[in-house]
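Chemist: I have a structure I would like to understand better, so I am pasting it below and will then ask my questions one at a time.
The values are calculated or read from the model by the stated rules, or taken from the named source; none is laboratory data. Computed from a predicted model, the values in this text were never measured in an experiment. Positions of Cβ are backbone-derived with ideal geometry, glycine not excepted, and every protein chain shown enters the neighbour counts.
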Amino acid sequence: MSDQLPPPRILAVVVTHNGERWLDACLRSLAAQTYRRIDVLVVDSGSTVPAEAQVREALPAAESVRLEANVGFGTAANRGLEMSRQAPEADFFLFLHDDVALEPGCVAQLVEGALETGAGIVGGKGLAWERPEVLLEVGMSADAFCYPFSGLEEEEIDQGQHDMRRDVLFVTSACMLVSRTVLAKCGSWDGDYFLFAEDLDLCIRARLTGFKVIVQPGARFRHVQALDRSRRGGLTPTDVRFLTRRNRSRTIVKNASLPRLVPLLCLFTTLAFLEMVLLAVMRRFDEVPAYPRAFGSFLVTMPDLLRARSAVQKRRTEPDRRLRRLMIHYIPRARILLERQLREWERGTLRFGTRTISKVTPSAIAARFSAFIRQPATVTVLFALVILVLAARRTLLGGPVAAGGLWPFPDPVWRLLADYFAPWRDVALGTAAAPPAAFPLLGVFGVLGLGNPRTAQVLLELGLLTAGLAGMSVLLGRRTRDVPARVLAIVFFALAPPVRQAVETGDLGALALYAGLPWLMDIVLRLLGPTPADRQERPPLPLTPTGTVPSVVRAALISAGVVALAPSAWPLLLLAWAMFGLLSIGGGAPPGEGGPRLGRALVSLALVPVLLLPWSLEAFRLNGPVLAPLLGGRGPAGAFGPLWAGYTISEGLFVGPGIGWLVRPAALAATLGALILSTPARRREARVLVSVWLVFAALGGLAGAGWIPAPAATPAMWSMVPLAVVAILSSHLLAGLRHELPRHAIGWRHVATPVLVAVTVAGALATVGRAVGGWKRPRATAAADVPGRGNSLASFFASISGDVGTFRVLWIGRSWTEPVLAGAGRRSGASFLLTGPRGLTMREAFLPTPAEGDRRLESVVGTMRDGAIHLSGHLLGPAGIRYIVADRTDPVALAAANRQRDFVLDQQIESAVVFRNLQWVPRASAATPELAAAAGGAADLDSQMQAQWAPGPPLGQRSQARFEGPVPPGSPSILVGDNANKGWMATASGRELDRAEAFGWANRFATGGAKGTATVWYGGKWLRLTGVLIQAMLLAMAISMARRGVRVAPQEAAEEEPGGPE
Amino acid sequence: VKGSERAFVVLFVAVVVAAIAGDRFLPQSPAPASRARMRVASAAGAAYCPVPNAEEARSFAATVNVGEAPANLRHFAIGEGKASNPQPASLPPKAVNHVDAGTLGIREGAAVVESFASPTFTDSVVLARGVGAATAPCTGQPGTRWLFASGSTVRGNDTYLLVSNPFQEDASVGVRLLTAEGPAALPRLREYTIRPLSETVIFLADFHPENDSFGIDVTVSRGRLVVSRLMRLAPRGGPRGLALSLGVREPAARWQFAAGEVPGEGEELINLANPGDKEALVQIVFQAEGEQVAPRELEEVPVAAGAHVAVKVSDRLPRGTKHGTTVLSTNGVPIVAERQTAGPSGGLRGLEAVAGATATASRWLVQTGTPIGGTAQLAIVNTGREDTQVAVSLMTPQGQVRPPELAAVPVGAGRRISLDLTPYLGGEPAAAVVEGSTDDVVAEGRMFLGDPYLDFADAPARPLP
């Protein structure tokens, strides 16, 4: 302090609102300060009990101002300064919360810091109220989104480790010394904040104007943090969330420089979305509305905000980078959340939203697992699983399966997830259609497989099979506790012919339905009526009213998972549920209940398209993958046609094609036994099940004979419902034999039941014997490029893996298009296949609905096969097709390829002849003038073919939908080969280029003589991300609703654990 | 168990029984008609015409536009590792033009005719003063196997293979001969490399000792090629002749010839080559013309696997008989059949060897006429059991001509007719379209050239869609 000048005059502004518990201590601490030139102004911001009397008693010299309403800290402080008599005299203002108590030397230290450093704002060291050895703050920082960060560990002890005066981003308004000059130049508090983040705003404004903000650790104060710790009342967590989010966005808009503003706001909005999703997942729905509210408020105050921003930016003298040095460059929130969770884990509890699960210590988990593994149901599932794995060993071992709908995972497997988030997918001719909902599910297996494609596929197959068995175990567990009965049923369900056919044909759809159907039947049958059980002490299990909605949502979620992997399962489930419902109405449902029951079952399916948005917008079209097999015309056309051709009614009755002779009487015996010999409740359910089964068998037989459309993509899929029915019936029969026969008198049932059981058991054992021999491995399609399986195409792909540029491979011929396209369920007439440079992978498993470009490609290939074209390379090149693989076993395809003058023979291998297209145009490339001229005459195919054009140099690929590269001199245009999608955009030299269609499936951008770097990209990233977020929110809400049922009905929840209720 | 439950069980059993029975009696629905395939609006094709490079020979590419729209043509030659600059031309519908291959810029090469916007067919015509004349169809379909039933390495009866590689990749061929004793490999022609954009002439006498008759099996182990065979008859002091044939891509069980005639002197042979690994049993049936006595059928001729058999028609039919011929492999083993005719004098002075037709069609296109005139005949055979009528029209450089007298020409069952087209040609190349009411009709053209060529040329018919 200078000896010549008098010490500066300080005006302490204490803003209080219902803080009578701490105000007294605050004022007395001010009175005890060693620094003497302090005036005190207490601003009562609408306290319920006016603070004036308390002020008069604690500090009579203090000036007191009363505001009738709580106007927030900033406004209250401003109003106080306006109304104070002492304010004009003050050199510094010390703003204080009412729950703060200063140590005697605090103000002196603050003033000393201000004078010695010339800082405009000075803060002190905040300590906990009750435990002054615990640090609360020593200056603050924030991330780019204005989330405050103290840099302290939780409950960090003050040992002087931070006692160093230093520059900080901001200090809290709990105790903040501000010079008059700062308020004069930067303006006072922003009253629109009300609470939270106004101190950050003031400090940033001061810094932008050139003032320092420092922390003076010698200035110590204790702080209750009454608002943060919810000890003050008046604000709900939602209010806090609303204010913090709104004020942070406000701070960003006011203070960030223009180049940073747009990306920051976009990221801030995205983070807000993610927070909403997270809150929904954690079932803290009450807090979710705070976000739209904050966003709305932000928009409403936008004009004022822009004016405020203009004022701030006019006064700005410092660039953002000076500020950013004091900010933290990562998002601390995730780390803080994780640390808290870990601490709770150490305490043996796990908090999930409002729920706290105790006893999650490793020993408790081990004990629980031990109990689970010893359960008969678990043993049963494991037993069946071992046999199943043994049966499918040829499929599970060796190279990846490449048949039907089960194709190798892409390498790297994260391509599936990348495709899911990408606005544009480069499958087929490229599409902006929403990616299939299966990709995230499949991506999970990719992650579980640690990125290894083969491991991921094995896990997928095993996972689906295991899920099916576990589901059947749960389904049976509701009906009988008898272990042998469940073993018998599970053996049937595990090893019956449809399962074998699904595995042997790589039928992903059938496997998905296999995994989900038992779980769905369990829920739906319970929705439709009480479940029969076998003991008096275990009465039938109706669904509790509170559990109805969660059960519907659970069924919808499982159905969504099944439909995502097996789209054509949706109409199948619809038929099954409708029949179950109608039959239960006719079977004696209480009056007035039948309709609602049926409605609930159907609602669960109606929710599926909603949960699968936005993919369902395309998938549920008439020619989409859901309905296309059903509407694909008469007969077994399309998916797995050859398999359908052999399907008969009796095969449908006896659980699928290829059934052994012992299984037929076994299925018949189980059915007759359940219909005649079991208890009335079982007989009632058996009649419903058998009725549905008969209808499925009849429809399947008619489809096999070609009289109606194939009702599902594959016969294996169609057979799953009858299979589940037979499994349930066999358990009914055996459980009846063991528990329900009268013991007081021997009758005909005592003779008939063992006979039927013997036949059923013999049938089940027959499946075991056949399975142990091992099921066949699916016949791989060469297009999937399975190395190590004697497929010489693998070497071809290896040889082209180093080729520069993005390109596609066109496969023509029967031997790969038939097995592959059959799995797709569409394009049954197509004689070609289009893949990426690595052949066929799971990325192509769910092809988009053919667009104009696909139809054009189909016409070109058709014309090739007809022998009416000899320069098709000219027409295929602009679509990015670089290689054409012609099937040796298809002479028409081979002759067609041989005829093309602009193909060059590249490789001749055992199964195929590979041609290279001389006219290949890289996916995005500059076009030579001749090419551009040809492209311009898109309607004139002859001109295109006769034009002597050569492909131009490719642009570099930066991401899936972004290309960059220099525009070569004289290149009049840039070509992008895809479905002629309108979402592509291009710039060169900072100028947006005009687009025109070219070659029917390419986009052409006229450069107009522009030079420099051209950038081509596909827009709509934010739209896609919004779609993902919406889908995530819908799923999160559905999961939450489904889980809510678990909480409401704990008994029911316990019974739904895998392994049953024992 | 209640009564209703018993009824349900009975119903169930009945359904099961009905299902088992239904499977036996439920007929299969007819397969749905395949969806009409979309096509690009344009038809484009290339015709590759291997032609000899000898200095005394002039080669022409005669193209006929069979479509309804004008065809845009590009003529160029390939050879010596390059392609010449295309020469564009426009060809009206139903018209014919011809281009001298020597004007296309590459002397030692094959002619190529590309057409756009309308389907066309191209034939090559070879004229060599003092040697003879020949015609052969060009092909738009390069292949990996080419077969011939005729060949000779006897001095004065030379056989050349004209191997064209119109693509930009190397190709390799292997040649084996199908002789009367069985297959004979030519070691020096096992992996014979054909350079890109080139035509290679292989003189078989350089690779095989003298053999007067054999079949030829050309296998392309890498790449795509077009292979023709040129036969040159030039015995010292004897008659001369030239025969050019495009190879056939695959053997067949049935071959049909329309324009046979047993010469007064010389010989007509039916050459049979069996490139497979099973013996073929072949029956040859003749269709006579006019009032001539119907010839007797030949007995089955065995053709051993990989072997060749030449059947003299004069042993079966009187000399001077005009006839059609059907070659049928009765045991289904596919073979290759050619008719080879050589005459020292008279109307059939010269040499010709031509493969028959394997397809059945009701419309046929036959190359006829030459750029230097001559006479032209059209032979039509009805192999069916009923009389029929055919309509013949001509596509000339001036457009389509439909002579009224050829609008309804009767052809008796199992008979052959000959039509003289010379009055309608005006000394220019043309194409005849033969339209029958059934698929039992086959046609073939035969042209006679006077001095200085003194040869005749057979033109096989091509089916029209």
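Chemist: Away from chain B (no Cβ under 14 Å), out of contact with any Leu (no Cβ under 8 Å at 6 or more places or on another chain) and farther than 26 Å from A:G983 by Cβ: is that true of A:E930 in this structure? Before the answer, list the steps.
Modeler: Details: away from chain B (no Cβ under 14 Å): yes; out of contact with any Leu (no Cβ under 8 Å at 6 or more places or on another chain): yes; farther than 26 Å from A:G983 by Cβ: yes.
It is true that A:E930 is away from chain B (no Cβ under 14 Å), out of contact with any Leu (no Cβ under 8 Å at 6 or more places or on another chain) and farther than 26 Å from A:G983 by Cβ.
Chemist: Which members of segment B:23-71 meet the condition of being of a type in the set (S, T, N, Q) and modelled with pLDDT of 90 or more? First the steps, then the outcome.
Modeler: If we filter segment B:23-71 for residues that are of a type in the set (S, T, N, Q), which is where we start, we get B:28-29, B:34, B:42, B:53, B:59, B:63, B:65.
Result: B:S59, B:T63, B:N65.
Chemist: In addition: Exactly one condition in (1) at pLDDT 90 or above; (2) farther than 19 Å from A:R923 by Cα; (3) more than 9 Å from chain B (Cβ to nearest Cβ) is false for A:H870; which is it?
Modeler: (3)
Chemist: Let me ask you something else. For segment B:81-94, what are the residues that are surrounded by fewer than 22 Cβ atoms within 10 Å (Cβ to Cβ) and either away from chain A (no Cβ under 11 Å) or touching a Phe, Trp or Tyr at 6+ places or on another chain (Cβ under 8 Å) (or both)?
Modeler: Initially, segment B:81-94 is screened for residues surrounded by fewer than 22 Cβ atoms within 10 Å (Cβ to Cβ), giving B:81-90, B:92-94.
Result: B:G81, B:K82, B:A83, B:S84, B:N85, B:P86, B:Q87, B:A89, B:S90, B:P92, B:P93, B:K94.
Chemist: Could you give me the residue pairs with C-beta distances under 7 Å whose first residue belongs to segment B:156-180 and is in contact (Cβ under 8 Å) with a residue 60 or more places away in the chain and of a type in the set (S, T, Y), whose second residue is surrounded by fewer than 20 Cβ atoms within 10 Å (Cβ to Cβ) and not in a strand (DSSP E or B) wherever it lies, and which are 6+ apart or on separate chains?
Modeler: B:T179/B:N211
Chemist: Quick one: which residue in A:R856, A:R916 is surrounded by fewer than 24 Cβ atoms within 10 Å (Cβ to Cβ), within 13 Å of chain B (Cβ to nearest Cβ), closer than 30 Å to A:A564 by Cα and within 41 Å of the chain's Cα centre (by Cα)?
Modeler: Numbers: A:R916 fails: closer than 30 Å to A:A564 by Cα.
Residue meeting the stated conditions: A:R856.
Chemist: For segment A:286-297, enumerate the residues that are part of a helix (DSSP H, G or I) and surrounded by 18 or more Cβ atoms within 10 Å (Cβ to Cβ). Give the steps one after another, and end with the answer.
Modeler: Quick first cut of segment A:286-297, residues part of a helix (DSSP H, G or I) only: A:286-287, A:290-297.
A:E287, A:A290, A:Y291, A:A294, A:S297, listed by residue number.
Chemist: Select from segment A:681-694 the residues that are touching a helix residue (DSSP H, G or I) at 6+ places or on another chain (Cβ under 8 Å) and more than 10 Å from chain B (Cβ to nearest Cβ) and write down the one among them that is nearest to A:L574 (Cα to Cα). Can you show your working first?
Modeler: Keep residues of segment A:681-694 that are touching a helix residue (DSSP H, G or I) at 6+ places or on another chain (Cβ under 8 Å), which gives A:682-683, A:685-694.
From the residues that got through so far, the ones that are more than 10 Å from chain B (Cβ to nearest Cβ) too are A:682, A:685, A:688-689, A:692.
Working: A:R682: 24, A:E685: 19, A:V688: 16, A:L689: 15, A:V692: 12 Å.
Per the criteria, the residue is A:V692.
Chemist: Separate question: Within segment A:689-727, work out how many residues are in a helix (DSSP H, G or I) and either at pLDDT below 85 or among the aliphatic types (A, V, I, L, M) (or both). So that I can check it myself, show each step before the final result.
Modeler: First, the residues of segment A:689-727 that are in a helix (DSSP H, G or I): A:689-705, A:715-718, A:720-727.
Pick out the ones that are also either at pLDDT below 85 or among the aliphatic types (A, V, I, L, M) (or both) and you get A:689-690, A:692, A:694-695, A:697-705, A:715-717, A:720-721, A:723-727.
Qualifying residue count for the region: 24.
Chemist: Restricting attention to segment B:143-180, and to residues there that are away from chain A (no Cβ under 14 Å) and among the polar types (S, T, N, Q), which single residue is nearest to the chain's Cα centre (by Cα)?
Modeler: This residue is B:S150.
Chemist: Name the single residue that is modelled with the highest pLDDT among those in segment B:434-457 being in contact with a Lys or Arg (Cβ under 8 Å, 6 or more places away or on another chain) and either among the small types (G, A, S) or crowded, with 21+ Cβ neighbours inside 10 Å (or both).
Modeler: Per the stated criteria, the residue is B:V434.
Chemist: Could I ask something else about it? Which residue out of A:R66, A:R21 is surrounded by fewer than 20 Cβ atoms within 10 Å (Cβ to Cβ), in a strand (DSSP E or B) and within 58 Å of the chain's Cα centre (by Cα)? Walk me through it before giving the result.
Modeler: Working: A:R21 fails: in a strand (DSSP E or B).
Only one candidate qualifies: A:R66.
Chemist: Also, quick follow-up: For segment B:113-120, state whether one or more residues are of a type outside the set (A, V, I, L, M) and more than 14 Å from every other protein chain (Cβ to nearest Cβ). Full working, then the answer.
Modeler: Initial filter on segment B:113-120 (of a type outside the set (A, V, I, L, M)): B:114-116, B:118-120.
Among the residues that remain, those that are also more than 14 Å from every other protein chain (Cβ to nearest Cβ) are: none.
No, segment B:113-120 contains no residue that is of a type outside the set (A, V, I, L, M) and more than 14 Å from every other protein chain (Cβ to nearest Cβ).
Chemist: Also, I was wondering about something else. Considering B:A259, B:A234, which residue is of a type in the set (G, A, S) and either more than 26 Å from B:A361 (Cβ to Cβ) or modelled with pLDDT of 90 or more (or both)? Outline the logic, then answer.
Modeler: Numbers: B:A259 fails: either more than 26 Å from B:A361 (Cβ to Cβ) or modelled with pLDDT of 90 or more (or both).
Just a single option satisfies the conditions, and that option is B:A234.
Chemist: Oh, and also: Between A:P498, A:P484, which is more than 21 Å from A:I523 (Cβ to Cβ) and surrounded by fewer than 24 Cβ atoms within 10 Å (Cβ to Cβ)?
Modeler: On the way: A:P498 fails: surrounded by fewer than 24 Cβ atoms within 10 Å (Cβ to Cβ).
Matching residue, one of A:P498, A:P484: A:P484.
Chemist: Across segment B:306-330, what is the total count of residues that are within 23 Å of the chain's Cα centre (by Cα), surrounded by fewer than 17 Cβ atoms within 10 Å (Cβ to Cβ) and of a type outside the set (D, E, K, R)?
Modeler: Qualifying residue count, segment B:306-330: 1.
Chemist: Also, I was wondering about something else. I'm trying to understand the selection: among the residues of segment B:121-142, which are among the small types (G, A, S) and within 13 Å of chain A (Cβ to nearest Cβ)?
Modeler: So in segment B:121-142, the residues among the small types (G, A, S) come out as B:124, B:128, B:130, B:132-134, B:136, B:140.
The one that is among the small types (G, A, S) and within 13 Å of chain A (Cβ to nearest Cβ): B:G140.
Chemist: Now for a different question. Taking the condition free of Cβ contacts under 8 Å to residues at least 24 places away in the same chain, touching an Asp or Glu at 6+ places or on another chain (Cβ under 8 Å) and of a type in the set (V, I, T), does B:T193 pass?
Modeler: Working: free of Cβ contacts under 8 Å to residues at least 24 places away in the same chain: yes; touching an Asp or Glu at 6+ places or on another chain (Cβ under 8 Å): yes; of a type in the set (V, I, T): yes.
It is true that B:T193 is free of Cβ contacts under 8 Å to residues at least 24 places away in the same chain, touching an Asp or Glu at 6+ places or on another chain (Cβ under 8 Å) and of a type in the set (V, I, T).
Chemist: Filter segment A:895-905 for residues that are at the interface with chain B (Cβ under 8 Å from one of its Cβ atoms) and of a type outside the set (A, V, I, L, M, F, W, C); which is nearest to A:R814 (Cα to Cα)?
Modeler: A:N898
Chemist: Considering only segment B:98-110, state which residues are among the charged types (D, E, K, R) and either within 14 Å of chain A (Cβ to nearest Cβ) or assigned to a strand (DSSP E or B) (or both). Steps first, please.
Modeler: Within segment B:98-110, the subset among the charged types (D, E, K, R) is B:100, B:107-108.
Answer for segment B:98-110, where residues must be among the charged types (D, E, K, R) and either within 14 Å of chain A (Cβ to nearest Cβ) or assigned to a strand (DSSP E or B) (or both): just B:D100.
Chemist: Is it true that some residue in segment A:155-165 is in contact with a helix residue (DSSP H, G or I) (Cβ under 9 Å, 6 or more places away or on another chain), of a type outside the set (A, V, I, L, M, F, W, C) and touching a residue at least 60 places away in the same chain (Cβ under 8 Å)? Don't jump to the end; show me each part of the working.
Modeler: First pass over segment A:155-165, keeping only residues in contact with a helix residue (DSSP H, G or I) (Cβ under 9 Å, 6 or more places away or on another chain): A:165.
From what is left, the residues that are of a type outside the set (A, V, I, L, M, F, W, C) are A:165.
Within this subset, residues satisfying the condition of being touching a residue at least 60 places away in the same chain (Cβ under 8 Å) are none.
Checked against the condition, which is being in contact with a helix residue (DSSP H, G or I) (Cβ under 9 Å, 6 or more places away or on another chain), of a type outside the set (A, V, I, L, M, F, W, C) and touching a residue at least 60 places away in the same chain (Cβ under 8 Å), segment A:155-165 yields no hits at all.
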